Amino acid sequence: MVKYPKTNSKESVTIMSEIITETAAPKKRMLSGIKPSGDLTLGSYLGAVKNWAERADSYDCFYFMADMHAITVRQNPADLRRRTLEQLAQYIACGLDPEKNTLFIQSHVHQHAELGWVLNCYAMFGELNRMTQFKDKSAKNADNINGGLFTYPSLMAADILLYQPDLVPVGEDQKQHVELTHAIARRFNGVYGDVFKIPEPFVPKVGARIMSLTNPTAKMSKSENEDTGRVLLMDPPEVIMRQFKRAITDSDTENCVRYDKENKPGVSNLMTIYSAVTGKTFQEIEAEFAGQGYGKFKPAVGEAVVEALRPIREEASKLMKDKAYLESVYRNGAEKASFVAEKTLRKVYKKVGFVAR
Ligand code: TYM
């Protein structure tokens, strides 16, 4: 990634500008975020963070905690603060080295809210109204269908377009929002010239949609409660094993580990999880458990997940005890992010006709 000077001083922005102009490497840029609206699940890990970490060396990476998105649904303030810091610790524990990746808190970079407003004026009511997530969340929060929930994709477009990234790695459920970002960016560029780079979503081949262990037709979600078949990144081994042992398998009489998403959604979900954490193909998994039935398969998936998450849980718990370190990471991250974001915002403000500050 681009080397930024390590400092907290405001004057550093000018120095940064010089250094970046001189040394900017032509690495492609990658950006993504997660809402701290619940504790990170195995779904968020396999659909998002794992893929971020695997590409950290080859891209200039920006990753953030989307706290502004989290308040579209009511949050307990103390829990939101705790989860935001925990999420940062988990990003680092998953392999996102703060020296190589820009890690920051969305609300610390004011340009997100500012560009979000501008892009609201370039997002159409009909487009926002078609978003699946808006429909789902409105149904679940019928007493709080607020404006933020509706215009959420404009803020997400701002999150992305501010950094002019090449790639946006997300799980399947966020693809629609990235596509709307394209539409907004193209509309804006159509009026004002090439202001925004049009980014590509990157959806992993395996793990883009991890389903609930107790209801394999519903996405594993961090905002649901424990009984909904979710596994958290920080769950201790015994809890993970319990969740996998009680995972729903399919009611066919076959009792055979075979990938068939349509007819065997439970087993197929477990196979996806096993494949994502071990790197084995579906064929290899079918061969490994041939003739063994679900009774052997479920704890084996549990054990593989326990082992994959163990180092993350241990490292994140250690990092959570070092608040000063976490603070230095998110402060530096916000400074670097703000520097990049400001360039885009200034250009946008000029294009739309705002008088320079
Ligand atoms: P969020 O917080 O709901 O989810 C974070 C990321 O995890 C992926 N994910 C999953 N992948 C596979 N299986 C699952 N069960 C699963 N659950 C979650 C999501 O697809 C996502 O990639 N709006 C975004 C956050 C955001 C963002 C952005 C992302 C805000 N601004 C800009 C990218 C770029 C969201 O709510 O994700």
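The values are calculated or read from the model by the stated rules, or taken from the named source; none is laboratory data. Bear in mind that the values here come from a model prediction, so they are computed numbers and not experimental data. Here Cβ is always computed from backbone atoms with ideal geometry, including for glycine, and neighbour counts include all displayed protein chains.
For region 83-94, does any single residue satisfy the condition of being touching a helix residue (DSSP H, G or I) at 6+ places or on another chain (Cβ under 6 Å), among the polar types (S, T, N, Q) and in contact (Cβ under 8 Å) with a residue 40 or more places away in the chain? Checked against the condition, which is being touching a helix residue (DSSP H, G or I) at 6+ places or on another chain (Cβ under 6 Å), among the polar types (S, T, N, Q) and in contact (Cβ under 8 Å) with a residue 40 or more places away in the chain, region 83-94 yields at least one hit. Looking across region 179-197, the residues that are touching a helix residue (DSSP H, G or I) at 6+ places or on another chain (Cβ under 7 Å), over 18 Å from residue 342 (Cα atoms) and within 14 Å of the ligand (Cβ to nearest atom) come down to 180, 181, 184. For region 1-17, indicate whether the set of residues that are under 19 Å from residue 329 (Cα atoms), within 16 Å of the ligand (Cβ to nearest atom), of a type in the set (Phe, Trp, Tyr) and at pLDDT below 95 is non-empty. No.
With respect to the stated conditions, residue 211 fails to be within 27 Å of residue 316 (Cα to Cα), out of contact with any strand residue (DSSP E or B) (no Cβ under 7 Å at 6 or more places or on another chain) and either of a type in the set (Val, Ile, Thr) or in contact (Cβ under 8 Å) with a residue 24 or more places away in the chain (or both). Of all residue pairs spaced 6 or more apart or on separate chains, none has beta-carbon atoms under 9 Å together with a first member in region 49-69 that is under 13 Å from residue 337 (Cα atoms) and part of a helix (DSSP H, G or I) and a second member that is charged (D, E, K, R) and at pLDDT 90 or above. Under the condition of being more than 13 Å from the ligand (Cβ to nearest atom) and either β-branched (Val, Ile, Thr) or closer than 18 Å to residue 169 by Cβ (or both), the residues counted in region 198-255 number 7.
Restricting to region 277-313, and then to whatever is aromatic (Phe, Trp, Tyr) and part of a helix (DSSP H, G or I), can you tell me which residue is nearest to residue 206 (Cα to Cα)? Let's see the steps before the verdict.
Let us first name the residues in region 277-313 that are aromatic (Phe, Trp, Tyr), namely 282, 289, 294, 297.
Among the residues that remain, those that are also part of a helix (DSSP H, G or I) are: 282, 294, 297.
Working: 282: 10, 294: 21, 297: 19 Å.
Filtering region 277-313 for residues that are aromatic (Phe, Trp, Tyr) and part of a helix (DSSP H, G or I), the one nearest to residue 206 (Cα to Cα) comes out as 282.
Applying the set (1) farther than 25 Å from residue 88 by Cα; (2) touching a Leu at 6+ places or on another chain (Cβ under 9 Å); (3) of a type outside the set (D, E, K, R) to residue 267 leaves exactly one unmet item: (2). Applying the criterion of being of a type in the set (Gly, Ala, Ser) and touching a Lys or Arg at 6+ places or on another chain (Cβ under 7 Å) to the residues of region 23-42, the residue that is modelled with the highest pLDDT is 37.
One line per residue, one yes/no per condition, for (1) closer than 21 Å to residue 65 by Cα; (2) at pLDDT 95 or above:
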| residue | (1), (2) |
| --- | --- |
| 264 | no, no |
| 284 | no, yes |
| 295 | no, no |
| 303 | no, yes |
| 313 | yes, yes |
| 321 | yes, yes |
| 329 | yes, yes |
| 339 | yes, yes |
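Kindly establish whether residue 158 is modelled with pLDDT of 95 or more, closer than 19 Å to residue 352 by Cα and buried (at least 22 other Cβ atoms within 10 Å of the Cβ). In short, yes.
Within region 88-95, identify whether any single residue is more than 17 Å from residue 32 (Cβ to Cβ), at pLDDT 95 or above and not small (Gly, Ala, Ser), and answer yes or no. Looking through region 88-95, none of the residues is more than 17 Å from residue 32 (Cβ to Cβ), at pLDDT 95 or above and not small (Gly, Ala, Ser).
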